[in-house]
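Enquirer: So that we are looking at the same thing, I have put the structure below in structure tokens.
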Amino acid sequence: LIPTIYGFRRAAGKAIVAGIVYDCAGESVYGATVRIADSSGAYIAEGDLSSDPHYRYFNGDSFPAADQSFTHADGLYAVANINTPETGGQGIYVEVWGRPTEDAEEPVLIACEESWIFADSISMVNLEPLRSDGPACPGLSR
């Protein structure tokens, strides 16, 4: 249903990652963007074709919005059509970028989680601010 509302098709054999972005107080985050990197650290770019990866956010009413370019008050996001092996799955990093204060000019990496994705499945990855025991994410080395 989500890919259809977004205006593209879910491609067979590919994965979906979805979740919520939270702040330090456990509240959902408004204004963050999500980036996914494969296990080598290469970022997965959004494509133009229906079967390509697509990053989408919800509109604050728990519905996906094709024109929303960052998390709304509900903190919900979804990324569809991520290439993954037919068997065995693949490791990924899910990063959240945002501005920690209203006057911050450039976004910074505020959260990252390592996860596994599998063909024809949805992986739920909720994200919270960086922690001392968190994974070494690609955005930290840039």
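The values are calculated or read from the model by the stated rules, or taken from the named source; none is laboratory data. Quick caveat, the model's predicted, so the values are computed rather than measured. Backbone-built Cβ (ideal geometry, glycine too); neighbour counts: all protein chains shown.
Enquirer: Is there a residue being loosely packed, with under 15 Cβ neighbours inside 10 Å and among the small types (Gly, Ala, Ser) anywhere in the range 83-91?
Expert: yes
Enquirer: Could you please find all residues in the range 24-83 being among the hydrophobic types (A, V, I, L, M, F, W, C), under 17 Å from PRO100 (Cβ atoms) and outside any loop (DSSP other than H, G, I, E, B)?
Expert: Listed by number, the list holds a single entry, VAL34.
Enquirer: Separate question: Taking the range 92-107 only, how many residues are exposed (fewer than 12 other Cβ atoms within 10 Å of the Cβ) and among the aliphatic types (A, V, I, L, M)?
Expert: Residues in the range 92-107 being exposed (fewer than 12 other Cβ atoms within 10 Å of the Cβ) and among the aliphatic types (A, V, I, L, M): 1 in total.
Enquirer: While we're looking at this one, here's another question. Would you mind telling me which numbered condition in (1) modelled with pLDDT under 90; (2) exposed (fewer than 15 other Cβ atoms within 10 Å of the Cβ); (3) of a type outside the set (Asp, Glu) CYS137 fails?
Expert: (2)
Enquirer: Please work out which residue is surrounded by the most Cβ atoms within 10 Å (Cβ to Cβ), limiting yourself to the range 58-82 and to residues that are polar (S, T, N, Q) and over 14 Å from ARG35 (Cβ atoms).
Expert: Applying the filter and picking the extreme gives ASN81.
Enquirer: What number of residues within the range 100-142 are among the acidic types (Asp, Glu) and under 15 Å from the mean Cα position of the chain (by Cα)?
Expert: Qualifying residue count, the range 100-142: 3.
Enquirer: Of the residues ILE110, ILE92, only one is of a type in the set (A, V, I, L, M, F, W, C) and either under 14 Å from TYR30 (Cβ atoms) or not in a strand (DSSP E or B) (or both); which?
Expert: Answer to the check: ILE110.
Enquirer: Which residues, counting only those in the range 117-136, are under 21 Å from LEU76 (Cβ atoms) and either without any contact (Cβ under 8 Å) to a residue 40 or more places away in the chain or not in a strand (DSSP E or B) (or both)?
Expert: Within the range 117-136, SER121, VAL125, ASN126, GLU128, PRO129, LEU130 meet the criteria.
Enquirer: On to the next question. Can you go through ALA37, ALA18, ALA11, ALA32 and tell me which one is touching a strand residue (DSSP E or B) at 6+ places or on another chain (Cβ under 9 Å), under 15 Å from SER121 (Cα atoms) and at pLDDT 90 or above?
Expert: It is ALA18.
Enquirer: Pick from the range 54-84 the residues that are touching a residue at least 60 places away in the same chain (Cβ under 8 Å) and small (Gly, Ala, Ser): which of them is farthest from ILE122 (Cα to Cα)?
Expert: Across the range 54-84, the extreme among qualifying residues is ALA66.
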